[in-house]
Each structure stands twice: as structure tokens, then as C-alpha cells.
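Accompanying notes for the structure given below.
The values are calculated or read from the model by the stated rules, or taken from the named source; none is laboratory data. Computed from a prediction, not measured in an experiment: that's the story for all the values here. Ideal geometry is used to build each Cβ from the backbone, glycine not excepted, and the neighbour counts take in all protein chains shown. Quick note on the areas: whole protein, heavy atoms, side chains included, nothing else; ligands and nucleic acids left out. Shrake-Rupley method; radii C 1.70, N 1.55, O 1.52, S 1.80 Å.
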Amino acid sequence: MSDLTTHGDDAAVNSLRSAVMRLSRRLKHQRVDESLSPTEMSVLGTLARCGTATPGELARKEHVQPPSMTRIVALLEAKGLVQLEPHPEDRRQKVVTQTEQAEAMLEESRTKRNAFLATLAEGLDEDEWAKLRAAAPVLEKLAHL
């Protein structure tokens, strides 16, 4: 059992989970390209953050099995969103890189989702907005643990 649940923060954890899930669902409806699955978009986002990666590294970062990532990468490659190149040190492996088309699509998606969130934030008072700004780095850390 974690320290959070032993200190009586069950309600806060439950509220956080629920709010994050609801907001995530609303953001997913703001997609630019409906032909991509949320997992495919997540892989492109990971590549945007970390640069190139092997399919195995992507599988670990995305918490999926390597054979699943191999299929996802093949789909993204077929759509012209990633390129596979030989690994510079291990010729048995490939390195996945996003294309300019993927970069442009991700930027358009970020712009649309940021505008959506900015519109929602207009409903907050200054104190709530300050708390949200302060919480953002903590939420970012949670997302990557």
C-alpha cells in the first residue's frame, strides 16, 4: 500500500484520477487527424520529445509489448509519419524518426488542444489559474514516472 492511501488521501487520489481521465477524454476529441489512434499519436509525441528511438525503446516508453510497437511503427511508416533507418551502432536494429509531415501534424494538434484548454481556463478565476500553473510541473512529473 502506498503512503498516499495510508495517510487518508484516497479521496484526493480518486478526484485527481477522475479529473485527469475526464480532461483527457475531452482533449482526445480535439484531434486533428482522426485516422490516427491515440496510441499512434502518443508514439509520435514520444518521438517529438526524445528524438529518434528504436522500436524496443518506444515500446518501453509507451508501456506496450515490442510486437505491438513493431505494428504501430509499420502503420506510422505506411502513413509517411516515421522513417526507419539503420541503427548507427547496431546494424541489427532500426531507429525510428518522425518525418516533417508528423512534426507539422503534431504542431497543428498542439495548437488546437492548447486553444481548447485556454478556452476552458477562461472559466477559472485568477487564484484557480495560479494553482493550475503551479500544479502543471507536478502533473508532468506524474505523467512520466
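Exactly one residue among HIS144, HIS63 is modelled with pLDDT under 90, within 19 Å of the chain's Cα centre (by Cα) and of a type outside the set (A, V, I, L, M), and that residue is HIS144.
From the list GLN98, GLN93, the one residue that fits, being of a type in the set (S, T, N, Q), within 30 Å of PRO66 (Cβ to Cβ) and more than 17 Å from the chain's Cα centre (by Cα), is GLN93. Summed over region 14-26, residues that are in contact (Cβ under 8 Å) with a residue 24 or more places away in the chain and either touching a strand residue (DSSP E or B) at 6+ places or on another chain (Cβ under 9 Å) or open to solvent by 80 Å² or more (accessible area, probe 1.4 Å) (or both) total 1.
None of ALA143, ALA134 is closer than 21 Å to HIS29 by Cβ and exposed (fewer than 10 other Cβ atoms within 10 Å of the Cβ) except ALA143. Only one of the numbered conditions (1) closer than 19 Å to LEU139 by Cβ; (2) open to solvent by 40 Å² or more (accessible area, probe 1.4 Å) is violated by HIS29, and that is (1).
Among the listed residues GLU57, GLU85, GLU77, GLU34, identify the single one that is assigned to a loop (DSSP other than H, G, I, E, B), acidic (Asp, Glu) and surrounded by fewer than 18 Cβ atoms within 10 Å (Cβ to Cβ). Being assigned to a loop (DSSP other than H, G, I, E, B), acidic (Asp, Glu) and surrounded by fewer than 18 Cβ atoms within 10 Å (Cβ to Cβ) holds for just one of GLU57, GLU85, GLU77, GLU34, which is GLU34.
Restricting attention to region 105-119, the residues that are loosely packed, with under 12 Cβ neighbours inside 10 Å and either touching a helix residue (DSSP H, G or I) at 6+ places or on another chain (Cβ under 6 Å) or not polar (S, T, N, Q) (or both) total 2.
Criterion applied to THR46, THR39 was being modelled with pLDDT of 90 or more, within 12 Å of the chain's Cα centre (by Cα), assigned to a helix (DSSP H, G or I) and among the hydroxyl-bearing types (Ser, Thr, Tyr), and the one residue passing it is THR46.
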